[in-house]
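For reference, the structure is listed below as structure tokens.
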Amino acid sequence: MNYYIQALADVFEQYRNPQIAEGQKAYMLHQFLFLGITTPLRRQLCKQHCQQMPFLRWPQLHETILELWQMPYREYHYAAVQILAHHKKMWPSECIHTLEHCLVHQSWWDTVDLIASDCLTDYFKRFPEAIATITPLWNASDNIWLQRSSIMFQKAFKHQTDTQLLAAYILNCAESKAFFVQKAIGWALREYAKTNAAWVQTFVNTHALPPLSKREALKHFR
């Protein structure tokens with residue numbers, strides 16, 4: 001454990017709460033261990049840690065993120081995303097490999113969606129050339145979390161959304177039986193409907209999509 005993670009662990013241990021941890025573990029279907037730190041408190045602690053111990057070089061940040069991702073408690077995975085997002089100004093283009101590692105290891109909707117909202121939007125806006133090289137591979141992957149990420153990475157793009165790409169990625173996965181892929185389709189469409197409701201309604205009405213995806217996409221139209 002490097003000195004940065006040890007310092008974070010020392011803080012986290014002060015707020016360990018076994019009773020809260022049991023509830024968090026149950027909510028995540030007993031797939032992960034928790035320290036029992038509430039989300040607002042964890043975010044506050046991580047923010048303070050980032051301010052007190054900023055990274056100055058990418059290699060050290062990269063190695064720390066990977067080490068945090070190997071920690072047994074879920075709070076460290078959430079912290080890794082927050083720490084990475086805090087240092088976005090120092091991201092090199094190869095940061096995508098760090099993000100992909102986190103997407104496909106210790107994977108569940110909580111970290112995958114956190115990475116999408118806190119990191120992927122900013123990464124692909126900063127390195128738009130990576131959209132054409134990275135996201136097609138994710139969309140064609142057998143990994144449902146990469147598929148989900150390829151569909152969701154534009155969800156905060158609003159008027160910058162590439163609707164042709166969004167449509168293609170959705171239709172490529174439209175026959176998926178995976179709940180989290182079907183949910184991602186609906187979520188991405190629902191978010192874009194806030195920018196262009198007519199496009200979303202037309203798309204849903206003219207393409208064969210899973211019922212779950214349609215319900216999610218049109219939730220705000222009712």
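Rolling a 1.4 Å probe across the protein heavy atoms gives the range 7-163 an accessible surface of 48 Å² per residue.
Converting phi to 3J(HN,Hα) with the Karplus coefficients 6.51, -1.76 and 1.60 and the offset θ = phi - 60°, the range 186-202 yields x, 5, 4, 5, 4, 5, 5, 4, 5, 9, 9, 5, 5, 4, 5, 5, 5 Hz in sequence order, with x at every glycine or proline.
Determine the calculated [θ] at 222 nm for the chain from helices alone, applying -39500 (n - 2.57) to every DSSP H run no shorter than 4 residues and normalising by the residue count; nearest 500 deg cm²/dmol. Don't skip to the end; give the middle numbers.
Numbers: 14 runs with 147 residues, N = 222.
For the chain, the value works out to -20000 deg cm²/dmol.
Once both labels are positioned 7 Å from their Cα atoms along Cα-to-Cβ, the gap between ALA197 and HIS159 label points is 1.8 nm. A simple spin-label model places pseudo-atoms 7 Å from Cα toward Cβ; at HIS30 and ALA167 they are separated by 4.6 nm.
Using the Cα centre as the reference, give the magnitude of the dipole from point charges on the C-beta atoms of the range 4-99 (Lys, Arg: +1; Asp, Glu: -1; all else neutral), rounded to the nearest 20 debye.
About 300 debye.
Taken along its three principal axes, the alpha carbon spread of the chain comes to 55, 39, 29 Å, from the longest extent down to the shortest.
Hey, quick one: spin label on GLU63, modelled 7 Å out along Cα-Cβ, who in the range 1-19 has an amide N within reach, i.e. under 16 Å? Within reach of a label on GLU63, which here means backbone N under 16 Å from a point 7 Å along Cα→Cβ, the range 1-19 contributes 1-7. Each Lys or Arg adds one and each Asp or Glu takes one away; over the other residues whose Cβ falls under 13 Å from the Cβ of ALA130, this sums to -2.
The values are calculated or read from the model by the stated rules, or taken from the named source; none is laboratory data. The structure displayed is predicted, hence computed values, not measured ones. So basically every Cβ, Gly included, is an ideal-geometry build from the backbone, and we count neighbours across all protein chains shown. When the accessible area is computed, the model is the full protein with side chains, heavy atoms only, and any ligands, DNA or RNA have been set aside. Shrake-Rupley method; radii C 1.70, N 1.55, O 1.52, S 1.80 Å.
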